[in-house]
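Step one of this worksheet: look at the structure below.
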Amino acid sequence: MARMKFLCDADRCIECNACVTACKNEHEVPWGINRRRVVTINDGLPGERSVSMACMHCTDAPCAAVCPVSCFYTTDDGVVLHNKDTCIGCGYCAYACPFGAPQYPQTANFGTRGKMDKCTYCSGGPEPDMSQAEYVKYGSNRLAEGKLPLCAEMCSTKSLLAGDGDIIAEIYRERVITRGYGSGAWGWRTAYGETVTV
Amino acid sequence: MANKISQLLTSLSLVLGLALVAPLAQAQVNPTQQSVNEGALLEALGSGGNVAGRISIPDPNAGYLIKPDNKLWAALQGDTLHQISIWAVIGMVALLALFYVIRGKIRVDGGLSGRKILRFNTVERFAHWTLASTFIILALSGLNLIIGKTVILPVIGEGAFGTLSAWGKIAHNYLAWPFMVALVLVLLLWIAHNIPNRVDLEWLKQGGGLVKKGVHPPAKKFNAGQKLIFWAVIAGGAALSYTGVMLLFPAEAGTPADWQFYQTIHALTAAVLSAIIIAHIYIGSVGMEGAFDAMGTGEVDENWAKEHHSLWVEEVKGAKAAEGRTQPAE
Ligand code: HEM
Ligand code: SF4
Ligand code: SF4
């Protein structure tokens, strides 16, 4: 089985935010939630870089370690998913996540949070693949359809890469060698404990 | 004149030449040389540092790109705090069981007299039981968030456990408020009786008479042990309340680093106070004959009172006698 990862080649990202929009549209993401976002580092300075970030589907995911109801699970593809029926909206995963991925659709009185929502790597949830129930809670399941995450698939500069970790690392490595520079595989050290060495 | 013109031309051409050369020289600079680099940024981060930037969506917190230190809290919460909480509770229960085996139930040495003295009036008992009932539900629903997934989840399954925990969370969120009200009430009602004094030193020196049969150091309404419980409840309750409210309203509390800090204090205080309260419940119920009546009916046996709160009995009786004196006999 492949170990799915994201890699944002920031030297190609033009901060068009199309990945953010595509994700929202594909999964009918609730108001106020951005499963993916683009952050610009050193904005306005020479050498600024934009990085598209979502859940990194960490190895030994910190969110799963702190969840009091153990509602996280890692799929055979290495994707970190969670069960919204079990989630109690305590917020701990949001405290633990290094990438700010978990978010909550509503806050009611006394700080009651709704069920946590985050990037599913376009692979749904625990419900049967491509069922209506799964779509309503988690959005579409492109992986079950044999497709890769939409954000990366439609990226116009092919900055955002999704797929088997070894393959996308190799693509990135070749790019860095060819053009002679690279700002790094953003988030990899923190999420996977390793980075792409060139 | 011609000289002047040629001079002008040379200077012009110089300026032009410079203008042409400058961009060429710039183009030779690798535009990515100054580019930010993940590895360098991470290395430059101190502890607690974040890789952050500008974001176009309204939530400013979304501008934090990578917060590596969050993993430290994940390990603290997911492992260390769990261990501490579990062992605080198990340790205290084991200690009390041992105490019970060695010392047994603390009896009223003089036997029950049958005469009753009012110890806690209705308001005091109402405050106590509001505090006690809310605390117990708060403690259990809190403990569930720590050990529930290892103890309850495998037994009842993920679906039922999710529902149970969701109810627990609702109870925890709402009962925090009556708990805080009762905490203030208890503070106001009993603070005057809980100022430490010299009698307490003597009481502590004699181990409160807990270990040896027939030893009864004098005490007023509350002995030194109870004063310690009182102040532990007040201080711990206040810490739990403050950090709890912060956790209820994370947007007001600040950044994830603040949430992590409040959660850590909340969990540690809850563990320590729960252990203390387990000991309190023990001595207030099965551990000591006649103690429960004080909070049950509000009236205690006179012999119990004389043994455990001799100075208080004198006070109460003195006051009664004084009352009697001012009232002319009929
Ligand atoms: C089922 C559980 C409980 C029982 C059976 C119980 C019983 C008692 C009794 C009998 C007293 C009076 C002691 C005396 O006559 O001097 C007392 C006092 C007190 N209780 Fe409780 N209690 C319980 C739970 C709690 C809880 C959960 C709290 C706070 C979180 C609490 C806080 C206090 C305080 C501050 C006092 C006064 C100081 C002291 O006597 O130690 N109690 N309780
Ligand atoms: S990026 Fe955050 S939400 Fe995603 S697996 Fe890692 S810790 Fe969990
Ligand atoms: S918010 Fe939900 S998924 Fe996140 S830690 Fe709490 S219960 Fe688990």
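Which cysteines does the protein assembly as shown leave without a neighbouring Cys Cβ under 4.7 Å?
If one checks each Cβ against the other cysteines of the protein assembly as shown, A:CYS8, A:CYS13, A:CYS16, A:CYS23, A:CYS58, A:CYS67, A:CYS71, A:CYS87, A:CYS90, A:CYS97, A:CYS122, A:CYS155 turn up with nothing under 4.7 Å.
Relative contact order of segment B:192-330: what whole-number percent is it, with Cα pairs under 8 angstrom and at least 6 residues apart?
It rounds to 25 percent for segment B:192-330.
What is the gain in length, in nm to one decimal, between B:GLU43 and B:SER310 on full extension, counting 0.36 nm per residue of separation less the C-alpha to C-alpha distance? Display every interim value, and only then the final one.
Numbers: separation 267, 0.36 × 267 = 96.12 nm, distance 6.66 nm.
Gain in length upon complete extension: 89.5 nm.
Accessible area lost on pairing A with B, both sides, 1.4 Å probe, Å² to nearest 100?
Adding both sides of the contact gives about 4400 Å².
Leaving ligands and nucleic acids out of the surface, order B:ASP59, A:ASP76 by accessible area at 1.4 Å, largest first. Walk me through the numbers before you get to the answer.
Working: B:ASP59 80, A:ASP76 120 Å².
Ranked list, largest accessible area first: A:ASP76, B:ASP59.
Over chain B, what is the relative contact order in whole percent, taking alpha-carbon pairs under 8 Å and six or more residues apart? Walk me through the numbers on the way to the answer.
Numbers: 275 pairs, mean separation 83.6, N = 330.
Relative contact order here is 25 percent.
What are the equivalent ellipsoid semi-axes of chain B, built from the alpha-carbon gyration tensor (square roots of five times its eigenvalues), in whole angstrom, biggest first?
Working: eigenvalues 978, 119, 67 Å².
Square roots of five times the eigenvalues give 70, 24, 18 Å.
Please list the non-local residues whose amide H lies under 5 Å from the amide H of B:MET288, H modeled 1.01 Å from N, same-chain partners needing a gap of 5 or more.
B:ILE106
Can you list the trypsin sites (Lys or Arg not before Pro) in segment B:108-194 that are in a DSSP coil and have 12 or fewer other beta carbons within 10 angstrom? Walk me through the numbers on the way to the answer.
Numbers: sites: B:ARG115, B:LYS116, B:ARG119, B:ARG125, B:LYS149, B:LYS169; in loops: B:ARG115, B:ARG119.
Answer by residue number: B:ARG115.
Sort A:ILE88, B:ILE147, B:ILE195 from largest to smallest accessible area, using a 1.4 Å probe on the heavy atoms of the protein chains. Mind dumping the intermediate values first?
On the way: A:ILE88 15, B:ILE147 45, B:ILE195 90 Å².
In descending accessible area the options line up as B:ILE195, B:ILE147, A:ILE88.
What's the FRET efficiency of B:LEU188 with A:TYR73 using the Cβ-Cβ distance as r and R₀ = 51 Å, to the nearest 0.05?
Details: r = 50 Å, r/R0 = 0.98.
Step by step, r from the Cβ atoms, then E = 0.55.
Heavy atoms of the protein only, probe of 1.4 Å, neighbouring chains included. What is the accessible area of B:HIS216 in Å², nearest 10?
In the full protein context, B:HIS216 sits at about 60 Å².
What Kirkwood hydrodynamic radius, in Å, does segment A:4-191 give when the mean of 1/r is taken over all pairs of distinct Cα atoms and then inverted? Let's see the in-between values first.
Details: mean 1/r = 0.0585 Å⁻¹.
After inverting the pairwise mean of 1/r, the radius is 17.1 Å.
Ordering B:LEU204, B:LEU228 by how much accessible area each has at a 1.4 Å probe, largest first, what is the list?
B:LEU228, B:LEU204
Restricting to lysines 8 or more places apart or on different chains, can you count the pairs in segment B:70-329 with Cα atoms under 19 Å from each other?
24
Semi-axes of the equivalent ellipsoid for segment B:137-189, please: Cα gyration tensor eigenvalues, times 5, square-rooted, ordered largest first, whole Å. The partial results should precede the final answer.
Numbers: eigenvalues 168, 22, 6 Å².
In descending order, the three semi-axes are 29, 10, 5 Å.
Reported to two decimal places, what Rg/Rh ratio describes segment A:16-112 when computed on Cα atoms with Rh from the Kirkwood expression?
Working: Rg = 15.2 Å, Rh = 15.1 Å.
Computed over Cα atoms, the ratio is 1.01.
Can you give the Kirkwood hydrodynamic radius of the protein assembly as shown from its Cα pairs, in Å with one decimal? Could the numbers behind the result be given before it?
Values: mean 1/r = 0.0358 Å⁻¹.
By the Kirkwood definition, the hydrodynamic radius is 27.9 Å.
The values are calculated or read from the model by the stated rules, or taken from the named source; none is laboratory data. Computed from a prediction, not measured in an experiment: that's the story for all the values here. With ideal geometry, Cβ positions are generated from the backbone for all residues, glycine too; neighbour counts draw on all protein chains shown. The accessibility values were calculated without ligands, DNA or RNA, using every heavy atom of the protein model including side chains. Shrake-Rupley method; radii C 1.70, N 1.55, O 1.52, S 1.80 Å.
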